[in-house]
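Quick notes on the structure that follows.
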Amino acid sequence: MALQIAIDRDAVIASPGATEEVVVTPDLSILRLAIVNVVFHGQPDCGDRGWVLIDAGIAGARGTIERHAARRFGEGTRPAAVILTHGHFDHIGALEDLAEMWDAPVCAHPAEVPFLSRRQAYPPADADAGGGLMTLLSPLFPRSPIDVSNRLMPLPGDGTVPHMPGWTWIATPGHTPGHVSLWHASRRILIAGDAVITTAQEAAYNVMTQEPEMHGPPRYFTSDWDAAEQSVRRLAELDPETLLSGHGPPLRGPEVSRALHELSRRFRDVAVP
Ligand SMILES: [Zn+2]
Ligand SMILES: [Zn+2]
């Protein structure tokens, strides 16, 4: 049995130019940084406080994110909020700087708050999780908590996503305790963070070539595999048509749902170390 779930290349949403930003819908684009993605939500003409940044990349990505935001929404425009799928280092690296510069609130699930207010560190990485070089290097990845407590806003209990009308947040724990995915039901668009990813993040080779594959959460940093499995089942049941994840290319079409269901079915074999 092949220990991966391949995705038809036709499902990959590509940008017309060679830019790292892929426009998925007019109000949604994904910026593909070296090892991780961030998402911009908002129409290009939405103006100051009209848009939202989802996740904040690795440390050092501040300039790139800032530049792309200015190009997309206009010089000097600030987001209404930064929304986090979770607080791992590769999703919050530029967060403190960007939130400060933009004076923007940071929204996250209440269970993720301890990791964002310097109260708790994530569990150590699992260097035995297998899959390649990224896993072997994973004990070196930063996991100490940052402190954005003065800007933190828990995601509302009614499931709505601040400043993103039509979207709901879905608790998808397992990779981290307070991991969330964002879902637009009528447009069937899923922003999955690291609950599922579309490339083999564990292998540095794949991180660079980014062959599309449907994967469970990055192995080295996932703390609760039972919860992760339930989260994947929940996402598969949504039958999304468009998928943006924290790692790997954005996907569209029937392949998305097909591969998610296959991942859910074979989760123990393909996803769990
Ligand atoms: Zn993560
Ligand atoms: Zn990640």
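Could you name every one of the strands (runs of 3 or more DSSP E) located completely within segment 73-178 that has at least 2 residues being open to solvent by 10 Å² or more (accessible area, probe 1.4 Å)? Can you show your working first?
Numbers: elements: 79-83, 106-108, 152-154, 167-171.
Where strands (runs of 3 or more DSSP E) fall fully within segment 73-178 and carry at least 2 residues being open to solvent by 10 Å² or more (accessible area, probe 1.4 Å), they are 152-154, 167-171.
Do you know which residues across segment 201-217 are at pLDDT 85 or above and within 11 Å of ligand 2 (Cβ to nearest atom)? Steps first, please.
Here is the first cut: in segment 201-217, the ones at pLDDT 85 or above are 212-217.
Correct list: Pro217 only.
Could you please find all residues in segment 36-74 being within 16 Å of ligand 1 (Cβ to nearest atom) and of a type in the set (Val, Ile, Thr)? So that I can check it myself, show each step before the final result.
Going residue by residue through segment 36-74, those that are within 16 Å of ligand 1 (Cβ to nearest atom) are 36-39, 54-59, 61.
Passing the criteria: Val36, Val38, Val39, Ile54, Ile58.
Looking only at residues that are among the β-branched types (Val, Ile, Thr) and more than 16 Å from ligand 2 (Cβ to nearest atom) in segment 83-132, which one is nearest to Ala70 (Cα to Cα)? Walk me through it before giving the result.
Pass one, segment 83-132, residues among the β-branched types (Val, Ile, Thr): 83, 85, 92, 106, 113.
Going one step further and asking which of them are more than 16 Å from ligand 2 (Cβ to nearest atom), we end up with 106, 113.
On the way: Val106: 19, Val113: 29 Å.
Residue satisfying both the conditions and the ranking: Val106.
On the given criteria, is Arg49 within 26 Å of Pro218 (Cα to Cα), open to solvent by 50 Å² or more (accessible area, probe 1.4 Å), more than 16 Å from ligand 2 (Cβ to nearest atom) and in a loop (DSSP other than H, G, I, E, B)? Talk me through it step by step, then tell me what you get.
Values: within 26 Å of Pro218 (Cα to Cα): no; open to solvent by 50 Å² or more (accessible area, probe 1.4 Å): yes; more than 16 Å from ligand 2 (Cβ to nearest atom): yes; in a loop (DSSP other than H, G, I, E, B): yes.
No, not satisfied.
Please indicate, with yes or no, whether at least one residue in segment 254-270 is in contact with a Gly (Cβ under 9 Å, 6 or more places away or on another chain), open to solvent by less than 30 Å² (accessible area, probe 1.4 Å) and either at pLDDT below 95 or not in a helix (DSSP H, G or I) (or both). Even if it seems obvious, please write down each step before you answer.
Step one: list which residues in segment 254-270 are in contact with a Gly (Cβ under 9 Å, 6 or more places away or on another chain), which gives 263, 267, 270.
Next cut, open to solvent by less than 30 Å² (accessible area, probe 1.4 Å) only: 263, 267, 270.
Applying the additional criterion that residues be either at pLDDT below 95 or not in a helix (DSSP H, G or I) (or both) yields 270.
Within segment 254-270, one or more residues are in contact with a Gly (Cβ under 9 Å, 6 or more places away or on another chain), open to solvent by less than 30 Å² (accessible area, probe 1.4 Å) and either at pLDDT below 95 or not in a helix (DSSP H, G or I) (or both).
Tell me which residues, restricted to segment 32-45, are modelled with pLDDT of 95 or more and hydrophobic (A, V, I, L, M, F, W, C).
Within segment 32-45, Val38, Val39, Phe40 qualify.
In segment 52-72, which residues are of a type outside the set (S, T, N, Q), assigned to a helix (DSSP H, G or I) and open to solvent by 10 Å² or more (accessible area, probe 1.4 Å)?
Arg62, Gly63, Glu66, Arg67, Ala70, Arg71, Arg72
Considering segment 239-253 alone, what residues qualify as being away from ligand 2 (no atom under 16 Å from the Cβ) and either closer than 27 Å to Arg143 by Cβ or touching a residue at least 60 places away in the same chain (Cβ under 8 Å) (or both)?
If we filter segment 239-253 for residues that are away from ligand 2 (no atom under 16 Å from the Cβ), which is where we start, we get 239-242, 251-253.
Selection gives Thr242, Leu251, Arg252, Gly253.
Since Leu190 meets every condition but one in (1) within 16 Å of ligand 1 (Cβ to nearest atom); (2) surrounded by 22 or more Cβ atoms within 10 Å (Cβ to Cβ), which condition does it not meet?
Checking Leu190 against (1) within 16 Å of ligand 1 (Cβ to nearest atom); (2) surrounded by 22 or more Cβ atoms within 10 Å (Cβ to Cβ), the one that fails is (1).
What about Tyr220, is it in a helix (DSSP H, G or I), open to solvent by less than 40 Å² (accessible area, probe 1.4 Å) and within 13 Å of ligand 2 (Cβ to nearest atom)?
Values: in a helix (DSSP H, G or I): yes; open to solvent by less than 40 Å² (accessible area, probe 1.4 Å): yes; within 13 Å of ligand 2 (Cβ to nearest atom): yes.
The answer is yes for Tyr220.
In this structure, is Ser231 in a loop (DSSP other than H, G, I, E, B) and either surrounded by fewer than 17 Cβ atoms within 10 Å (Cβ to Cβ) or within 16 Å of ligand 1 (Cβ to nearest atom) (or both)? Let's see the steps before the verdict.
Details: in a loop (DSSP other than H, G, I, E, B): no; either surrounded by fewer than 17 Cβ atoms within 10 Å (Cβ to Cβ) or within 16 Å of ligand 1 (Cβ to nearest atom) (or both): yes.
Judged against the criteria, Ser231 is not a match.
The values are calculated or read from the model by the stated rules, or taken from the named source; none is laboratory data. Worth saying up front: this structure is predicted, and the values here are computed from it rather than measured. Please note: Cβ atoms are built from the backbone with ideal geometry, for glycine as well, and neighbour counts cover all protein chains shown. Just so you know, the surface numbers come from the protein's heavy atoms only, side chains and all, with ligands and any DNA or RNA stripped out. Shrake-Rupley method; radii C 1.70, N 1.55, O 1.52, S 1.80 Å.
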